[in-house]
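Here is the structure we will look at.
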Amino acid sequence: MNFLRPAGNRAERKDNLQQSQSEYARALTAGNAEVSGRVIEELLNRRWSLGEIYSQVITPSLVTIGDLWCSKVIGVAEEHLATQIVLRHLDRLSSLFAWQDRRAPFRVLVACIEGERHYIGARMFADLCLSHGWSAEFLGPDVPNGALVDTVKKRAPHMVALSATMAQGIEHVRRLTGELSALAPAPRILWGGQAMASRAATPAHGGAAAIARDAIDGLEISLKFLRANRPKVILKEYLFAVGRRVRELRLKRGWTQEQLAEAAHVTRVCIVAVEGGKQNFSMDIVIRLANALGVSPQAVMIEEAEPVQALRRTL
């Protein structure tokens with residue numbers, strides 16, 4: 001199955017999006033796991049990416065559920081049921097999109113601050129990191145300060161993403177940023193969550209921290225942070241990134257590895273090796289792949305930021 005962004009003109013996509021959003025939100029409100037699951041399957045069949053499903057369908061639907069709960073149209077039990085349905089969908093989607101074989105060297109730790117029990121947004125960000133091949137660990141809701149700092153010391157992530165939804169959490173996040181910035185080595189820090197939309201949420205500690213408007217924005221910031229931590233190019237990491245790009249281009253055309261091998265006049269073993277980051281290929285292979293995929297050689301060798309930027313343009 002091709003999990004890249006769906007084909008179709010802008011008007012058609014907009015109509016499909018509005019219909020999917022509406023149907024998914026209604027199903028969650030009614031606690032209907034079957035109908036909401038069918039919406040997700042239809043999105044997968046239409047080749048929606050994980051970022052699109054999360055940001056354009058699931059997140060707006062959760063906002064609708066929250067608004068209905070605040071206005072007392074639905075009760076606590078109904079809100080909890082909707083949350084559990086969404087969590088089942090996240091489990092399925094994350095397993096479909098996560099890279100299972102190899103990981104990029106980036107390590108990300110995602111956590112909700114102490115007292116913060118709204119965690120689905122943070123969980124979705126962790127899933128998106130996994131879909132990029134990063135090592136992403138999600139600590140869940142309400143992580144005590146001391147436990148979070150100790151975990152960062154032990155696991156030494158390149159970046160820590162902190163989530164807060166309530167305004168009173170801003171100062172809490174600021175204090176945690178100070179503690180984490182004092183570590184050696186200090187991780188880069190990403191602030192996320194509804195509270196961070198406030199003007200009061202201004203990062204301190206120079207360039208060590210940044211605010212993400214949403215999950216896709218968080219990915220773009222993360223790419224900048226993580227590149228800054230590894231300025232030197234390592235061959236095996238570069239081959240892994242190129243292999244991922246070749247796989248994305250192949251799936252975008254709906255091809256199997258055998259079909260790409262035939263079009264590029266190479267063996268399937270070669271395609272498997274390239275996509276797995278195990279093939280130290282020549283420029284001849286790059287040009288063969290580019291010609292077969294209908295792109296320039298530069299597009300085959302492009303950095304991983306491009307898919308995130310392209311997704312941003314569709315939102």
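The values are calculated or read from the model by the stated rules, or taken from the named source; none is laboratory data. As the structure is a computational prediction, the values presented were derived from the model and not from experiment. Every residue, glycine among them, receives a Cβ derived from its backbone with ideal geometry; neighbour counts consider all protein chains shown. Note: accessible area is taken over every heavy atom of the protein model, side chains too, but ligands, DNA and RNA are not part of it. Shrake-Rupley method; radii C 1.70, N 1.55, O 1.52, S 1.80 Å.
Residue count for region 225-259 under the criterion of being part of a helix (DSSP H, G or I), open to solvent by 90 Å² or more (accessible area, probe 1.4 Å) and either of a type in the set (A, V, I, L, M) or modelled with pLDDT under 80 (or both): the result is 2. Residues that are more than 17 Å from Ser222 (Cβ to Cβ), open to solvent by 10 Å² or more (accessible area, probe 1.4 Å) and among the hydrophobic types (A, V, I, L, M, F, W, C) within region 148-162 comprise just one, Val149. No other residue among Glu114, Glu137 is at pLDDT 90 or above and assigned to a strand (DSSP E or B) apart from Glu137. What do you reckon, is Val35 open to solvent by 10 Å² or more (accessible area, probe 1.4 Å) and over 30 Å from Leu251 (Cβ atoms)? Criteria not met by Val35. Among residues of region 199-221 that are surrounded by 13 or more Cβ atoms within 10 Å (Cβ to Cβ) and part of a helix (DSSP H, G or I), none has a beta-carbon under 6 Å from a residue that is acidic (Asp, Glu) and modelled with pLDDT of 80 or more at least six positions away or on a different chain.
Scanning region 260-272 for residues that are within 12 Å of Leu289 (Cβ to Cβ) and in a loop (DSSP other than H, G, I, E, B) yields His265, Val266. For the subset of region 76-103 comprising residues that are among the hydrophobic types (A, V, I, L, M, F, W, C) and open to solvent by 10 Å² or more (accessible area, probe 1.4 Å), which member is modelled with the lowest pLDDT? Only one residue tops the list, namely Trp99. Just checking, does region 87-104 include any residue being among the basic types (Lys, Arg), in contact with an Asp or Glu (Cβ under 8 Å, 6 or more places away or on another chain) and over 22 Å from Asn32 (Cβ atoms)? Looking through region 87-104, none of the residues is among the basic types (Lys, Arg), in contact with an Asp or Glu (Cβ under 8 Å, 6 or more places away or on another chain) and over 22 Å from Asn32 (Cβ atoms).
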